[in-house]
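Some notes on the structure that comes next.
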């Protein structure tokens, strides 16, 4: 019996070992999968497709954000029987740190933004609004402007012409390109938008917030230099400076000073009185002389 | 395992199943709720932007009107602004274009056929819309003329405004929007509802002009925001006068006056 058992033991021992090794390998594989989430399941991702980072959105148009989500199901939060899951939820949208929008579908998000730079942040959140762990978000920086998105601003003074002889009041017409006039009320600067400042001899005289004609009054006689400059919303010059100047000659009608006229008139009156008095005095003297020396 | 033990196990399992089913039913029967995530109550919406409203309804399926069954757990949201029905929505975020001033936005869950839930499920939020910026203290300064300037009769006053938008008066008062009152020598002169310079024609002498920001109801802001400039008007300032005989005429006048007096005195003596 002992002999007969020996071969059986010899064959059984390797079989048990193989099973044990298989179990160890299986457990190891399961452990590896549990420990490595990339193998278990790829995590949710979020990508902003457009606009590109740093994009300038011109002409005051709203900004359209296109995004893509993977390994994550967008759904209306609070649905009946909904069970929270880290792979289901919605997208919270923040503009400059302020909560702005909720996207429950992968569709373009339209954001009307004021002029200036903005940061748009999209974040995946679960149905109850809590962020995923780790956080899954994507942000993009854009610049909104009422002006054109591209192009170099220019300005030229159309009227008056250089060297023109004018009166004391002058209309100033400018021609501007690649630049949009907006009211300056303290809003942030934005590319290719702002207003025009008119300077006389380097002194600011007028702001033009509209594409309109400027009117400078009471210009002094002589040569005057008028400068028109494009400026940002905070009144600072563009970089590089965009301005145009023209020198004109102001020559009004001959001026009669009121005090001069009055003084001259009084002098004339006094002179007349003096002449009359002198004549009368001479006549009186002649009459007296005649009375003292009567003719025989 | 004898029969008694088997009966106990079955009874325990039955109790567990019954209690689980009851709990499940309790969860399913949770009433719908509604909460407004954005905007915050009393938020100021600046730049005349439309108001983005984000809400969350729980235990309630949002469906487009006419596409679902009329159940108390499905339907859409009715939107009312200042007590007037405005729209119905079936998505969690939407925009409202509102005029300047304070507004109350009311959201109400309704069934697909438009009838309200029982009990009513609604939430409201108060916001203020302004065409001006949502934040920042308003400011005003006079760019021209400079203080103590000497100017001609005809002049323009240029000014600068920050954190404030000029709009025609008449609407409800809203933050950071309104117009400018112009006072010349302390007397009301003009209203500015646009970014245009002030044209003045003043007699010779010292003058002052004051600009004051006011709301759409003509009331001054709190705190008051105004700017003043003092200047002197002198006609013909800057005009070139080739020869001014005023002084010479003055001296001549004095001489002539003396001569006349002397002549009259001598005449009296004579």
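Computed from the coordinates by the stated procedures, all read-outs in this text should not be read as laboratory data. Note that this is a predicted model, so its numbers are computed, not measured. Here the Cβ positions follow ideal geometry from the backbone for every residue, glycine too, while neighbour counts run over all protein chains shown.
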If I model a spin label as a point 7 Å beyond the Cα along the Cα-Cβ vector, how far apart are those points for residue A:164 and residue A:245 in nm? 1.9 nm
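If a/c stays under 1.5 just call it rounded; otherwise compare a/b with b/c (prolate if a/b is bigger, oblate if not). Do that for the stretch A:154-250, with a ≥ b ≥ c from the square roots of the Cα gyration tensor eigenvalues. Mind dumping the intermediate values first?
On the way: a/c = 2.23, a/b = 2.00, b/c = 1.11.
Prolate is the answer for the stretch A:154-250, as a/c is 1.5 or above and a/b outweighs b/c.
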As I understand it, the value is the acute angle between the Cα axis of helix B:246-269 and the longest principal axis of the Cα atoms of chain B; what does it come to in degrees, rounded to 10? 40 degrees
What fraction, in whole percent, of alpha-carbon pairs in chain B exceed 36 Å separation? 55 percent
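Can you give the FRET efficiency for residue B:266 and residue A:266, using 1/(1 + (r/R0)^6), R0 = 35 Å, r = Cβ-Cβ distance, to the nearest 0.05? Before the final figure, lay out each step's value.
On the way: r = 23 Å, r/R0 = 0.65.
The value I calculate is 0.95.
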Could you pull the Cα extents of the stretch B:139-233 along its three principal axes, largest to smallest, in whole Å? 41, 20, 20
Here the whole-number average of other chain Cβ atoms within 10 Å per Cβ of B:164-172 is 1
Using just the helices of chain B, give the 222 nm mean residue ellipticity in deg cm²/dmol: DSSP H runs with n ≥ 4 each add -39,500 (n - 2.57), and the total is spread over all residues, rounded to 500. -6500 deg cm²/dmol
Rounded to one decimal in nm, the spacing of the 7 Å Cα→Cβ label points at residue A:213 and residue B:86 is 4.5 nm
With R₀ set to 51 angstrom, the calculated FRET efficiency between the beta-carbons of residue B:237 and residue A:285, to the nearest 0.05, is 0.45
Taking 7 Å along the Cα-to-C-beta vector as the label spot, tell me the residue B:154-residue A:45 distance in nanometres, rounded to one decimal. 7.0 nm
Give, in nm to one decimal, the length gained when the segment between residue B:185 and residue B:67 is fully stretched (0.36 nm per residue of separation minus the Cα-Cα distance). 35.6 nm
How many angstrom lie between the C-alpha centres of the stretch B:199-257 and the stretch B:40-99? 59 Å
With angles folded into 0 to 90 degrees, how steeply does helix B:3-28 sit against the dominant principal axis of chain B? Use alpha carbons for both and round to 10. 30 degrees
Principal axis box of the stretch B:30-129, alpha-carbon based, largest edge first, Å: 41, 24, 20
Can you tell me the FRET efficiency between residue B:35 and residue A:52 if r is taken as the Cβ-Cβ distance and R0 is 41 Å, rounded to the nearest 0.05? 0.70
What is the distance in Å between the Cα centres of the stretch A:82-137 and the stretch B:145-173? 43 Å
